[in-house]
1. Please indicate, with yes or no, whether at least one residue in region 762-780 is part of a strand (DSSP E or B), of a type outside the set (S, T, Y), within 30 Å of Y860 (Cβ to Cβ) and modelled with pLDDT of 95 or more.
2. Anything in region 321-349 that is among the aromatic types (F, W, Y) and either assigned to a loop (DSSP other than H, G, I, E, B) or touching a Ser or Thr at 6+ places or on another chain (Cβ under 6 Å) (or both)? List them, or say none.
3. List pairs: first in region 645-658 and under 15 Å from E688 (Cβ atoms) and in the same structural domain as L692 (by TED's automatic domain parsing), second part of a strand (DSSP E or B) and among the aliphatic types (A, V, I, L, M), Cβ under 7 Å, 6+ apart or cross-chain?
4. Give the residue that is surrounded by the fewest Cβ atoms within 10 Å (Cβ to Cβ), with candidates limited to residues of region 532-553 that are closer than 16 Å to P738 by Cβ and touching a helix residue (DSSP H, G or I) at 6+ places or on another chain (Cβ under 6 Å).
5. Go through region 632-658 and report how many residues are of a type in the set (G, A, S) and touching a helix residue (DSSP H, G or I) at 6+ places or on another chain (Cβ under 8 Å).
6. Out of the residues in region 534-548 that are in a loop (DSSP other than H, G, I, E, B) and within 13 Å of S352 (Cα to Cα), which is modelled with the lowest pLDDT?
7. Please determine whether any residue of region 569-578 is in contact with a Phe, Trp or Tyr (Cβ under 8 Å, 6 or more places away or on another chain) and either surrounded by 19 or more Cβ atoms within 10 Å (Cβ to Cβ) or part of a loop (DSSP other than H, G, I, E, B) (or both).
8. If you check N241, N220, which single one turns out to be outside the structural domain of C34 (by TED's automatic domain parsing), at positive phi and over 19 Å from the mean Cα position of the chain (by Cα)?
Amino acid sequence: MINLTIDGQKISVESETTVLQAARSIGIDIPTLCNFKDFTPDGNCRMCLVEVVGARRLETSCSTPVAEGMVVNTNTTEVRKARRFVLKMLMSDHSFDCVTCYKYGCCEFVEFSGNCIEYDAVKEFGTERVMKKPIDTSNPFYDYDPNKCVLCNRCIKVCEHLQCNHILAQCDRGYDTTINPVFEIPRGKSECVSCGNCIAVCPTGALAPKHFKPFVYTKNVETICPYCGVGCTINLKVMDNKITDVYSTEGNVNDNLLCVKGRFAHDFVSSEDRLTTPLIRKNGILEEASWDEAISLIAEKLKEAKADGPQAVAGLSSARCTNEDNYVFQKFMRVVGGTNNVDHCARLCHASTVAGLAQSFGSGAMTNSIEEIDIMDVMFVTGTNTTETHPVIGAKIKQRQQNGGALIVAEPRRIELAKYADVYLQIKPGTNVPLFNGMMRAILDAGLEDKAFIDKRTEGYEAFKEFMDTLTVEGCAEICGVDSEDIRKAAILFATKETGGIFYSMGVTQHKTGTDGVMSTANLAMLTGKIGREGCGVNPLRGQNNVQGACDMGALPGDLPGYQKTANPEVVEKFEKAWNAKIPDNLGKTVTEIIDGVGEEIIKFLYIMGENPVVSDPNTNHVRAALEKSNFLVVQDIFLTETTEFADVVLPAFVYAEKDGTFTNTERRIQLLRKAVEAPGISKNDWEIIGLIAKKMGVEGFDFTSDDEIMDEIASVTPSYAGVSLERLRNGDRIQWPCLSKDSEGARFLHAEKFTRGLGAFKIADYIPPEDQADEEYPLILMTGRILQHYHSRTMTMRTPGIQEIAGDAFVEINPMTAKAYGIEQGDFIKVTSPRGVVSAKARFNEGIMETNLFMPFHYGETGANYLTGGQLDPVAKIPPFKVVKAKICKEL
């Protein structure tokens, strides 16, 4: 501890504390413009000058470390004079159109400068030059006005040190200095990803969203982002029942960071396209109806379907809805519908995670917290384009790499993280299992397995070892299409670091052998002892905002809330007692089986809440053909979608900003959603709609009046949520399940003392080639996935103009050499054909994709990649193979 005196107060602080930090710790506020908590201080703005007794000059408090016996004065005449001089210089170069400025009412510069007119800075510095540098309006989401820029460099630092994109730099000198992308490329033409994090740290209005309304908001509401599974906290500014701005805050999961969707893509909330009233199809046309008419019709049709038995009823829940919505929905299907035919989109992305990790560890969830990335010595990223699909986690991985963490990347496409990787393995699509096996073989060859952990914490190792003895690194490398020495290098790097985490997503799970791929990640973690410790584990990254929560709530055909199995008589008895109703104990149908059942006219009643299977499910032609035959289809959503084309009844529901409740993010953190605006028309909360149908059916147990009541019931029947309540979350508790009691905050990481299943289980996973293989007719392999700008089936993101400007059209990524062989130029339309369908999209060149491969995002409805996908399901998880599709192409004339 260092002892010093500040403004006459004697204090003790830790060594390496700055004078600014020390002063603030005792409530002394020193003005700053360039300082920000996450950046290395450099004293750039000179606003934080203080007097250090004995020093020859005034010192910048943000960059001056404390010293034993130091005496500091922060408010002397000389200090005030110096700060005043700095302000005058900045003001002489500043455009003071405050009333129309984005930061009107919250501008740090104006706050410090006080009475600007009194200073009369321009005259004092003897210049009549009027600053009018051109404003950069090229980015579709925000503008940069250099006339308001004070050159504090915060935007440069956030781009370098937090977003880690290294886009910005100071350009020119003196009065002509501006901050622009390197080589002064306009922002809209640069590699800027439009995360808007520079806007968040800018102290003035130099960076501002397009079409903002200055100071026009009546309330701020903290809630959770409705997009990917990271679960970023956002703050909504609201005026006249509309969201006027979105900003981030310190702390929480994202700690000030957001991506382009989280910061800018909220136009859908107040879109004129929102559903506002129930619709019933009459004479082939959806017509407006009353709630009573719609609910009565649904109840009548559900009764008719139930007469044919429980297999005639099915429901699709939603990872975009809250925990409370999903809990009530699956309870409704089981109690009112009498069926376990309930599933959701996890079947299309992470069902193999639930199945695979449950077999290996006993729990199918992310084992670490996002904040643990900061202490990982090595990060192994595979099957995930993290900077696009989970941008904030991607940024944190880059931060850790910049601060000394090693990075291994294994991906068929050369993704952004490959640029930062110590080892990059460009594997062939569908070869995840031999990659993991090859790495583990290399670890065994080097004698780097953690024998103590294996002996104490695992079982099945001997059989696993015997299987591994049949493999060679060279053989695995040949299957993967990479150099065996690179596999060895990656394996030894992972094994020799003290802490390390494996990060994967749908590039591992969306295969016929997805469950094997997931169990292989578990094998690698156990072989190296990198599980059950802080900074060590296996981390599946959930795709949508509440995939984890929807699974937790039992929106699965074989699982009740908390992954309690329908095949277990004791579990069924427990829920029958809690719900005071008889429930089925069979294994229900999965998403793809439900669609098949509708097409085969076995399922007579299908209720879809918040899903759009026409776009998101594999083999779109098959899905459309099945829904054409649907006997009765209810779709509950926020917009008319491709799926509502087939609906008999459409019900209007709330969006995230119109409801309370909870989401559970990818790290098992249960987070509070808060209502910010009123919903349009006569739309209703999802769980409220379900309750109305149950009441019409004469079934009790659905008369909830608040999300609090629903969460209390969830906690009463779900051991991992036993200590959770909305009251605790409102009081600021940060809870990650398992949370077994009211005084617990849960577990930051899993399997610390023992695995959920007791001992971790090594599982043998041999390489099984994908069903689709390139052949003479279909010589290319197509991969599908997501892109940064869009979310799922675009129903939300397509209503943001900036996103449509950047990513409004479907595209096919193709290697330039492949394109040349087909006579294709950048931007040409390509016809892509698979055994299941054909689509057309623009060619986009990507040298980071192999010459034998193509890539398409699945988001685009009529031109979406899922017209091409399909094939054999994972036999355990019933997940479709989206990542390996044989295809052929030709240029459209």
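1. Taking region 762-780 and keeping what is part of a strand (DSSP E or B), we get 780.
When the remaining residues are screened for being of a type outside the set (S, T, Y), the result is 780.
If we keep only those that are within 30 Å of Y860 (Cβ to Cβ) as well, we get 780.
Then keep just the ones that are modelled with pLDDT of 95 or more; that gives 780.
Yes, some residue in region 762-780 is part of a strand (DSSP E or B), of a type outside the set (S, T, Y), within 30 Å of Y860 (Cβ to Cβ) and modelled with pLDDT of 95 or more.
2. Residues of region 321-349 that are among the aromatic types (F, W, Y), as a first pass: 327, 329, 332.
F329 - this is the single residue of region 321-349 that is among the aromatic types (F, W, Y) and either assigned to a loop (DSSP other than H, G, I, E, B) or touching a Ser or Thr at 6+ places or on another chain (Cβ under 6 Å) (or both).
3. L651/V634
4. Our first condition is that a residue be closer than 16 Å to P738 by Cβ; within region 532-553, this holds for 532, 537, 548-549, 551-553.
So of that shortlist, the ones also touching a helix residue (DSSP H, G or I) at 6+ places or on another chain (Cβ under 6 Å) come out as 549, 551, 553.
Details: G549: 31, C551: 28, M553: 31.
Within region 532-553, the match that is surrounded by the fewest Cβ atoms within 10 Å (Cβ to Cβ) is C551.
5. Step one: filter region 632-658 for residues of a type in the set (G, A, S), giving 647, 653, 657.
Adding the requirement that they be touching a helix residue (DSSP H, G or I) at 6+ places or on another chain (Cβ under 8 Å) leaves 653, 657.
Residues that pass the stated criteria total 2.
6. If we filter region 534-548 for residues that are in a loop (DSSP other than H, G, I, E, B), which is where we start, we get 534-535, 541-546.
Restricting the remaining residues to those that are within 13 Å of S352 (Cα to Cα) gives 541-542.
Details: L541: 95, R542: 91.
For region 534-548, the residue satisfying everything is R542.
7. Let us first name the residues in region 569-578 that are in contact with a Phe, Trp or Tyr (Cβ under 8 Å, 6 or more places away or on another chain), namely none.
No.
8. Values: N220 fails: at positive phi.
Only one candidate qualifies: N241.
The values are calculated or read from the model by the stated rules, or taken from the named source; none is laboratory data. All values derive from a computational prediction rather than experimental measurement. Heads up, the Cβs are rebuilt from the backbone with ideal geometry, glycines too, and the neighbour counts pull from every protein chain shown.
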